[in-house]
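The structure under discussion appears below in the form of structure tokens.
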Amino acid sequence: MKKKDIIEGKIIKTEFPNKGTFICEDQKVTVKGVIDGQTIKGQVTKKRKSGCVVRLLDVLEKSPLEDAKPVCPHFGICGGCFYQTVSYENQLKIKEGMVRDLLKDYVNDDIWEEIKGSPKVHGYRNKMEFSFGDEVKDGPLALGMHKKNTFHDIVNITDCQIVDNDYNLIVKCALNIAQQMELPFYHKMRHEGYFRHLVVRRAESSGDILVNIVTTSQVEADLTKLRDTLLELPLSGKIIGILHTTNDSLADVVQADKIDILYGQDYFYEEILGLKFKISPFSFFQTNTLGAEILYKTARDFVGETKDKVIFDLYSGTGTIAQMLAPVAKKVVGVEIVEEAVEAAKVNAELNGLDNCEFIAGDVLKVVDELEDKPDFIVLDPPRDGIHPKAIQKIIDFGVEQMVYISCKPTSLARDLEVFEAAGYKVKRATAVDQFPNTVHIETVVLLSQQKPDDTIEIDLDLDELDATSAELKATYQEIKDYVLKEFGLKVSNLYISQVKRKCGIEVGENYNLPKTENPKVLQCPKEKEDAIKAALKYFAMI
């Protein structure tokens, strides 16, 4: 097998997010974009001693897990959804299995709680960024999502299924007017053109809609017709704001050099778990509102009792979690690097009548050194790459007994858990919450608890049921001495062994190793040697 060879195989295992493996010519083959059980054809792109990497060309046979028909006409071409051929029940099984596999060194069956699904499988997204471009090089203007596995080509979106149909109507309208204006889209390589993005946000609670048209400043264009035509659309929701954002950045991201309001206002309100949040064009907010309620309820449950506690919400975004905990906490301190998100958090806290929230703009790595408060509990909700290694150590140094870690990328979580575990934290509860049906993404929530060296376990011994005679016969004193010396490098006496045996309820001779003189000073077995002797008694199944 060599580079550019075309090979076939059946996927025998998949890892997050959708990377599969199979065996060909006694070598391990890795391929992205597959489902467990599929038979695929691919081309070898990399050859290594450990195996080879293959680029997927075709799925020859479906997986047994593929038990549904795609509901979206763009499936397979659009690079958005991946699991359209899989029922939602099987999607949850796949995602849960991948997360469990990643966290297997930290999470066992006793502490894992069943994955929680999204209340909505379709039409759940409250924000979408559509790109202007062309479907083929030098083709007509298109507006939609990037084609699968391409950076340049755009798929015209007419019937996307993960958003409300209002989005589809708005996209078709914007494309139609943009084509009539005969202005070019922004070419990423040449850095020339006008139309860049169309961003639509919709409130789940009210149906209020913000439309944001993003262009460069290279053309002076009149967007009046586009504005008026959008306002005439027969939508189920209501457009309350149409914005024109100017963005001359070379990067392919939506950002604002300037924002003009073409109609209405530049914000709407969203409600979640009884709290109200002001959403502006660039505010961060979970893209699945109803799914976010499940996620935040889970986090709140994991946090538990918060009365009279100071809570740090690190990577706090617009302060959603902080404000959920604030009513039942002494104080909540949120730290977020995005200044706009911090300002939004302050506005939202005031909106909800919360006066015990403090929000600080800055990098967690630097800000934690400057915080005056000392936390009783920490909530972590970092970006996809997880927590900076130096920041983790600073978080550990706070010495809180418990933390809740919310992760949108389980591979990053697994990496960070290794560090937390080495510092004495153990996972006490864990679950996954699906916020992104039909896609490969998944949220994970874990409760970490500090295991202190002086932690003790209480054991009830029923001495009546203890077979002391048989236990006594399982190992001689000399065998116990030999074991302790070999395993712990300690020398112990018969007196110490008998003292520990008595403590453990093992019967010893009535006068065995008792002193012969009156009022003697009897040496007591040191803690270190007592622990070693107990280990020996456990080894010989005497306790």
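Tabulated values for the structure
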read-out	value
Selection status of K104, open to solvent by 60 Å² or more (accessible area, probe 1.4 Å) and assigned to a helix (DSSP H, G or I)	no
Given (1) at pLDDT 95 or above; (2) in contact with an Asp or Glu (Cβ under 8 Å, 6 or more places away or on another chain); (3) open to solvent by 40 Å² or more (accessible area, probe 1.4 Å), number of the condition E89 does not satisfy	(2)
Options K390, K366, K331: the member that is at pLDDT 95 or above and over 20 Å from A292 (Cα atoms)	K331
Flag for V404 being more than 24 Å from K19 (Cβ to Cβ) and open to solvent by less than 10 Å² (accessible area, probe 1.4 Å)	yes
Helices (runs of 4 or more DSSP H) wholly inside region 432-522 that include at least 3 residues being modelled with pLDDT of 50 or more and within 30 Å of F420 (Cβ to Cβ)	none
Those residues of region 43-78 which are closer than 17 Å to V31 by Cβ, touching a strand residue (DSSP E or B) at 6+ places or on another chain (Cβ under 6 Å) and open to solvent by 30 Å² or more (accessible area, probe 1.4 Å), in sequence order	Q43, T45, K46, V53, R55, L56, L57, D58, V59, L60, E61
Selection from region 140-175 of residues that are closer than 21 Å to E232 by Cβ, open to solvent by less than 20 Å² (accessible area, probe 1.4 Å) and touching a residue at least 60 places away in the same chain (Cβ under 8 Å)	I157, D166, I170, C173
Criterion: touching a residue at least 40 places away in the same chain (Cβ under 8 Å) and open to solvent by 20 Å² or more (accessible area, probe 1.4 Å) - qualifying residue of F312, F268, F282, F302	F282
Qualifying residue in region 269-290 (condition: in a helix (DSSP H, G or I) and of a type outside the set (G, A, S))	yes
Members of region 25-42 that are open to solvent by 80 Å² or more (accessible area, probe 1.4 Å) and touching a strand residue (DSSP E or B) at 6+ places or on another chain (Cβ under 9 Å)	E25, K28, K32
Selection count where residues are touching a strand residue (DSSP E or B) at 6+ places or on another chain (Cβ under 6 Å) and either of a type in the set (V, I, T) or under 16 Å from Y296 (Cβ atoms) (or both), scope region 326-355	12
K137 open to solvent by 60 Å² or more (accessible area, probe 1.4 Å) and out of contact with any helix residue (DSSP H, G or I) (no Cβ under 8 Å at 6 or more places or on another chain)	yes
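Okay, residues lined up against (1) open to solvent by 30 Å² or more (accessible area, probe 1.4 Å); (2) closer than 30 Å to E418 by Cβ:
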site	(1), (2)
V335	no, yes
E343	yes, no
N348	no, no
L351	yes, no
I360	yes, yes
D373	yes, yes
P383	yes, yes
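The values are calculated or read from the model by the stated rules, or taken from the named source; none is laboratory data. Here the structure is a predicted model, which is why all the values come from computation and not from measurement. Methodologically, a virtual Cβ is constructed for each residue, glycine included, from the backbone with ideal geometry; neighbour enumeration extends over all protein chains shown. Keep in mind that these areas ignore ligands, DNA and RNA; they rest on the heavy atoms of the full protein, side chains included. Shrake-Rupley method; radii C 1.70, N 1.55, O 1.52, S 1.80 Å.
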